[in-house]
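Worksheet: one structure, shown below.
The values are calculated or read from the model by the stated rules, or taken from the named source; none is laboratory data. The shown structure was predicted, so the numbers you read here are calculated from the model rather than taken from an experiment. FYI the Cβ positions are ideal-geometry reconstructions off the backbone, even for glycines, and counts take in every protein chain you see.
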Amino acid sequence: MFALLNMSLNADAKTLVIQSAYLGKQGNVHVITKSGSDIQLTKKGHNDQVKLSENKKAVGWISKRIKDESRLVLYYEGNIRTFRGGPFVRDFWFVNDGEKIAVDIGGLHFAGMEILYDVTTGERLDEVRQWEVPYDKRPQWSKQYR
């Protein structure tokens, strides 16, 4: 249901220490490094909800470049991973200080799925079907940000 695409940036990006991340005026994602450099990670806009992990090693955002579909994009150690499915990414949040990332996917209305991924490998670790599991019975990672 969720596909993973990888893109690697230059090797120097692996050593970046991220201070903050933001969405620029043109809808592109930027990171500010500890040294003060502003690095633009995207070029075509149509992005939303930029979030920096608590450990400041990963940045996530929602890409809305494709009509009637959105994707979760994750920047980590010089690599960009794109997770698609749903058809929409409704929300996402970092778990365990940024070691994992959870995503809420589905239609614009009604129940969907929540999927937990490892930030380092992109491996799918767990999932919750919202229509099957009552909120109070969900794992902690599913309830963490709410």
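For first residues located in the stretch 72-93 and free of Cβ contacts under 8 Å to residues at least 60 places away in the same chain and acidic (Asp, Glu), partners that are in a strand (DSSP E or B) and surrounded by 20 or more Cβ atoms within 10 Å (Cβ to Cβ) and lie 6+ apart or on another chain with Cβ distances below 7 Å form the pairs ASP91/ASP104. When we screen LEU125, LEU108 for residues that are without any contact (Cβ under 8 Å) to a residue 24 or more places away in the chain and more than 16 Å from LEU16 (Cβ to Cβ), the only hit is LEU108. List, please: which pairs have Cβ atoms under 7 Å, are six or more places apart or on different chains, and start with a residue in the stretch 36-63 that is assigned to a loop (DSSP other than H, G, I, E, B) and end with one that is among the hydroxyl-bearing types (Ser, Thr, Tyr)? Every condition considered, the pairs that remain are LEU41/TYR75; HIS46/SER63; LYS57/TYR76.
Can ASN79 be described as at positive phi and either modelled with pLDDT of 95 or more or among the polar types (S, T, N, Q) (or both)? No; evaluated as a whole, the condition is false for this residue. Determine whether the stretch 39-61 contains at least one residue that is β-branched (Val, Ile, Thr) and loosely packed, with under 15 Cβ neighbours inside 10 Å. No: the stretch 39-61 contains no residue that is β-branched (Val, Ile, Thr) and loosely packed, with under 15 Cβ neighbours inside 10 Å. Taking the residues in the stretch 63-84 that are β-branched (Val, Ile, Thr) and within 18 Å of ARG124 (Cα to Cα) as candidates, determine which candidate is nearest to the chain's Cα centre (by Cα). The extreme case among them is VAL73.
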